1. Among DSSP beta bridges lying fully in the chain, give the percent that are antiparallel, nearest 5.
2. Points 7 angstrom from Cα along the Cβ direction at Arg403 and Leu230: gap in nanometres?
3. Tally Lys/Arg at +1 and Asp/Glu at -1 over every other residue whose Cβ is under 15 Å from the Cβ of Asp376; what's the total?
4. D for region 92-224, whole µm²/s, Stokes-Einstein with Kirkwood Rh over alpha-carbon pairs at 25 °C and 0.890 mPa s: what number?
5. Could you give the C-alpha radius of gyration of region 168-263 expressed as a fraction of 2.2 N^0.38 Å, taking N as the number of residues it contains?
6. Between region 28-51 and region 193-247, what is the separation of their alpha carbon centroids in Å?
7. Grab the other residues whose beta carbon is less than 12 angstrom from that of Ala261, score K and R as +1, D and E as -1, and report the net.
8. What's the ranking of 423-433, 303-313, 105-115 by average number of surrounding C-beta atoms within 10 Å, highest first?
Amino acid sequence: MTTAPIPDAREHALDLGRFLAASPSSFHAAAEGARRLEAEGFTPVRESEPFPTAPGGYFLRRDGALLAWVQPETGQRAGGFRVLGAHTDSPSFKLKPHPSTGSLGWSQLGVEVYGGALLNSWLDRELRLAGRLAVREEDGSLGQRLVATGPVARIPQLAIHLDRTQNEGLTLDRQRHTQPIWAAGEEPQDVLAHLGEQALDAAGAHPAPVAPERVLGWDVVLADAQEPRLFGAKEEFLAAGRLDNLSSVHAGVQALIGAAAAGGSASEQTLVLAAFDHEEIGSSTRSGAAGPILEDLLVRISAARGDSPEEYRRALVASVCLSSDAGHLVHPNYSGHHDPVNRPQPGRGPLLKINANQRYATDAVGAAVWAQACRDAGARYQEFVSNNDVPCGSTIGPITATRLGMRTIDVGLGLLSMHSAREMCHIEDAAALGAVIEAFYRA
């Protein structure tokens with residue numbers, strides 16, 4: 001199957017940068033993905049209402065997760081699904097209950113580490129607050145508001161003059177050393193009042209301040225306030241927060257839009273994007289991959305097209321999932337931490353992730369599916385496997401394969417500085433990932 005050529009890498013990277021800037025939290029990422037889909041003619045769906053039966057593109061949001069799908073014009077009974085799985089969350093810090101604290105003339109934020117953050121990378125940089133507020137509306141009902149501030153906070157490092165050993169090995173106490181400062185004064189400033197002033201209306205479009213007494217709950221994280229930007233001798237790199245894993249969410253959204261515009265899947269399968277939340281903390285939530293959200297979606301799509309339970313099970317057998325999550329490029333200063341033979345390098349294509357112990361779900365047949373999608377897209381790819389002395393992490397891939405039984409392949413964009421407040425990638429690899437995902441959808 002012939003696909004469109006890989007898009008201009010610079011333009012793809014700039015658009016990825018815009019997506020990242022609009023997505024300082026998982027809730028914002030889901031909202032930005034939904035905004036883009038709706039602008040291209042996809043129809044929003046409420047989970048509490050019957051699912052659509054007509055062909056077309058649809059999407060729904062559940063908390064910080066985004067699910068979208070394209071029903072083909074000639075839907076087949078027991079037709080399979082082509083799924084792109086990704087996640088919207090990134091390692092960070094999350095506001096605790098009673099978050100307004102401080103002493104000695106400083107107002108601080110009470111925060112808890114979220115996921116496996118590279119803690120030292122969060123020091124000495126301007127940070128913003130972003131997430132959602134659960135509020136009591138004027139009529140007494142409960143509502144939700146997106147909120148995002150400008151640069152308001154910073155986690156300052158201790159000066160070298162006060163501890164001459166810091167360059168010999170920095171050790172951060174997660175409780176004592178990571179509480180950001182955000183104001184000065186003898187009395188701690190009320191961060192909830194500040195967040196309420198920044199709240200958007202229920203549609204997430206216009207400012208609609210909320211008094212602090214109406215804020216009943218919050219899911220608010222810290223995010224790097226520096227804008228994404230290109231750098232390098234030829235501006236071949238992109239530096240930004242949350243490339244893990246919003247690079248995959250962005251690629252999935254744009255690929256689904258492109259595949260829908262081109263007529264969907266040649267095999268007339270239903271195309272699905274599943275951008276889960278909470279991967280960084282294990283996925284065991286109502287909007288995470290270990291929960292029922294994707295299974296519920298597939299069951300309801302199948303029922304809406306008239307499948308019996310038996311036909312739904314047959315559809316799963318015919319289905320395949322790309323689990324797209326960021327991976328590691330070989331680090332030139334720490335090359336001994338990588339496999340001595342399989343050494344992914346910048347600009348040589350996205351990664352096929354393999355692990356003998358199935359921490360990644362790729363098998364030989366899945367590798368062939370990925371190789372075919374890369375060939376259709378005209379893109380190179382690289383294998384990633386861990387050094388035997390450096391155990392690898394895992395992804396939503398094995399979770400999806402276990403929950404649903406569909407063949408799953410682990411892939412992703414190669415990075416340096418993964419789980420840092422600011423990661424980096426090669427822009428040609430990012431563009432190639434998007435092109436391969438679209439080729440996968442259109443197969």
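1. 70
2. Here the answer is 3.8 nm between the modelled labels.
3. Result for the local shell: +3.
4. So the translational diffusion coefficient is about 155 µm²/s.
5. Ratio of Rg to 2.2 N^0.38 Å for region 168-263: 1.60.
6. Centre-to-centre distance over Cα atoms comes out at 20 Å.
7. On the way: positive: Arg442; negative: Glu40, Glu438.
For residues surrounding Ala261, the net value is -1.
8. 423-433, 105-115, 303-313
The values are calculated or read from the model by the stated rules, or taken from the named source; none is laboratory data. None of these values were measured; they are calculated from a predicted model. Every residue, glycine as well, gets a Cβ built from its backbone with ideal geometry; the counts of neighbours run over all protein chains shown. Quick note on the areas: whole protein, heavy atoms, side chains included, nothing else; ligands and nucleic acids left out. Shrake-Rupley method; radii C 1.70, N 1.55, O 1.52, S 1.80 Å.
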